[in-house]
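Report on the structure given below.
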Amino acid sequence: MKKPDESAFREFALAQAPGLRRVAYLLCGEWHLAEDLMQDALLKIYRAWSRVRETDRLGNYARRVLLRVWLDEKRKPWRRREHRAAPVPEVADETLDPAASAQRNWVGGLVRDGLAELPPKQRAAVVLRYFEELSVAETAEVLGCSEGNVKSQTARGLAALGRILAPLDPTPTRHEVNVP
């Protein structure tokens, strides 16, 4: 790769890496795997940089590559057989660990757990629409589907997320409160 192209890619990677890592975490639910997915996506973009650097929508292209890397990872046979009984203990500075701060945030933990139960397409649609704040058209571009499909996947994902999180809602319903 030529020097100007390499510096352009470095700038792109530095700007996009934190956002891609966050999206990857929301898709997979593990910070270490999210880091790997982000790095794999950036590697694939690096290999194709001479063909894609001219596009206006590099951010959407990067999200699409990340989504495909995540889906490929989910399809690997060892992922289907892997069953973890407990998280691997680590010694880390909890003030710097994003996973520890997410665990301190009760609502964030509930949403993360709820997202983990959604099917992949619904999870991707919800994450891109509501966490990355992409429009329906941009989400359709990233997912490689129609805008109608994005709307239906998002609606189904939100409905399923509501059903998953409803039993965990700590606020009493109208019938549980004795209101005269």
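The values are calculated or read from the model by the stated rules, or taken from the named source; none is laboratory data. Please read all numbers here as calculations on a predicted model, not as lab measurements. Every residue, glycine as well, gets a Cβ built from its backbone with ideal geometry; the counts of neighbours run over all protein chains shown. Quick note on the areas: whole protein, heavy atoms, side chains included, nothing else; ligands and nucleic acids left out. Shrake-Rupley method; radii C 1.70, N 1.55, O 1.52, S 1.80 Å.
Can you confirm whether residue 113 is modelled with pLDDT under 90 and either on the phi > 0 side of the Ramachandran plot or loosely packed, with under 13 Cβ neighbours inside 10 Å (or both)?
no
Just for region 18-30: of the residues that are over 19 Å from residue 143 (Cβ atoms) and modelled with pLDDT under 90, which one is most open to solvent (accessible area, probe 1.4 Å)?
Step by step, filter region 18-30, then rank; the result is 30.
Report, by residue number, each residue of region 135-173 that is at pLDDT 90 or above and assigned to a loop (DSSP other than H, G, I, E, B).
Within region 135-173, 135, 144, 145, 146 meet the criteria.
Collect the residues in region 33-65 that are polar (S, T, N, Q), touching a residue at least 12 places away in the same chain (Cβ under 8 Å) and open to solvent by 40 Å² or more (accessible area, probe 1.4 Å), keeping them in residue-number order.
50
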